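Here's the structure, in structure tokens; my notes come after.
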Amino acid sequence: MFTGLVEEIGVVAELNPHDETGGTSLTIALPPSSTLLEGALLGDSISVNGVCLTATHLSTTSDTKQPCFTVGIAPETLRLTNLGDLKKDSPVNLERAVRADTRMGGHFVQGHVDTTAAVVSVTPDGNALTVRLAPASLDALKYVVHKGYVALDGTSLTVTRVDDAEGWFEIMLIAYTQEKVVLARKVAGDSVNLEVDVLAKYAEKSMAGYLGAQGELLVKPMLEQVVQSLVAQAMGGHS
């Protein structure tokens with residue numbers, strides 16, 4: 001679990017599509033002054049551009065001049081996210097998994113990306129930036145609501161506009177956030193990882209289960225009343 005508050009921006013040192021395990025691994029380099037890996041252990045979860053990944057190798061400043069860590073990337077993760085498009089020196093948002101005593105400054109972020117989204121436009125608004133995004137899977141838009149939460153490349157952000165018909169939504173980046181996250185560096189056509197608010201999914205499933213058992217009992221009388229009302233109006237108009 002994460003909060004969506006980016007702790008640090010790292011850079012890609014290597015994306016290896018054929019590592020010693022036969023899979024794909026990603027190595028991230030950190031600034032020499034970084035404390036991100038202090039107390040970190042092999043097997044810990046670290047969010048990389050909003051994707052929860054498992055640390056398979058850790059190298060701190062005591063080992064090298066520049067701390068770094070390596071994570072493994074599953075084939076399903078490569079299919080659902082933009083991690084496979086990363087290049088050497090690509091900047092990435094980083095956040096360690098929350099602890100029990102962590103202040104929840106963002107929202108509940110799982111690090112389980114739903115789909116990618118394309119940056120449609122970046123428009124200055126005073127010292128802020130309005131970013132419009134179009135999800136690759138329009139099905140994700142049903143969970144995106146005005147003033148609700150989304151995580152973009154792992155950054156917790158508030159939705160400022162939604163257009164379901166045209167298939168886009170907008171968020172705003174204040175000046176402070178622009179300095180702390182990768183999204184501010186993106187331009188039209190770039191891709192970001194999108195995770196919708198998991199609470200919306202739980203609400204949808206609970207409602208679907210309720211309506212599945214009760215739906216006919218609830219909806220049928222309502223429809224009958226509507227039909228009766230329409231018939232009565234029609235009969236009244238012809239009397």
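The values are calculated or read from the model by the stated rules, or taken from the named source; none is laboratory data. Values in this document were obtained by computation on a predicted structure and should not be read as measured data. Note that we place each Cβ from the backbone using ideal geometry, even for glycine, and neighbour counts take in every protein chain shown.
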**Prompt:** What is the one condition in (1) surrounded by fewer than 11 Cβ atoms within 10 Å (Cβ to Cβ); (2) at pLDDT 95 or above; (3) assigned to a helix (DSSP H, G or I) that Pro221 does not satisfy?
**Reply:** (2)
**Asked** Of the residues that make up the range 153-160, is at least one out of contact with any Pro (no Cβ under 9 Å at 6 or more places or on another chain), modelled with pLDDT of 95 or more and assigned to a loop (DSSP other than H, G, I, E, B)?
**Response** yes
**Message:** Any residue at all in the range 132-140 that's out of contact with any Asp or Glu (no Cβ under 9 Å at 6 or more places or on another chain) and assigned by TED's automatic domain parsing to the domain that holds Val122?
**Reply:** yes
**Prompt:** Only one of Val150, Val109 is modelled with pLDDT under 95, of a type in the set (A, V, I, L, M, F, W, C), within 20 Å of Ala203 (Cβ to Cβ) and surrounded by 21 or more Cβ atoms within 10 Å (Cβ to Cβ); which?
**Reply:** Val109
**Request:** Determine which single condition Ser34 fails, assuming it passes every other condition in (1) within 17 Å of the chain's Cα centre (by Cα); (2) in a loop (DSSP other than H, G, I, E, B).
**Result:** (1)
**Request:** Being under 27 Å from Glu179 (Cβ atoms) and small (Gly, Ala, Ser) is the filter; apply it to the range 60-101 and report the residue that is farthest from the chain's Cα centre (by Cα).
**Result:** Ser90
**Asked** Is it fair to say Glu166 is assigned to a loop (DSSP other than H, G, I, E, B) and among the acidic types (Asp, Glu)?
**Response** yes
**Message:** Looking for something surrounded by 14 or more Cβ atoms within 10 Å (Cβ to Cβ) and in contact with a His (Cβ under 6 Å, 6 or more places away or on another chain) - is there at least one such residue anywhere in the range 61-75?
**Reply:** yes
**Request:** May I ask you to verify whether Arg79 is of a type in the set (Lys, Arg), in the same structural domain as Leu30 (by TED's automatic domain parsing) and either touching a helix residue (DSSP H, G or I) at 6+ places or on another chain (Cβ under 7 Å) or without any contact (Cβ under 8 Å) to a residue 60 or more places away in the chain (or both)?
**Result:** yes
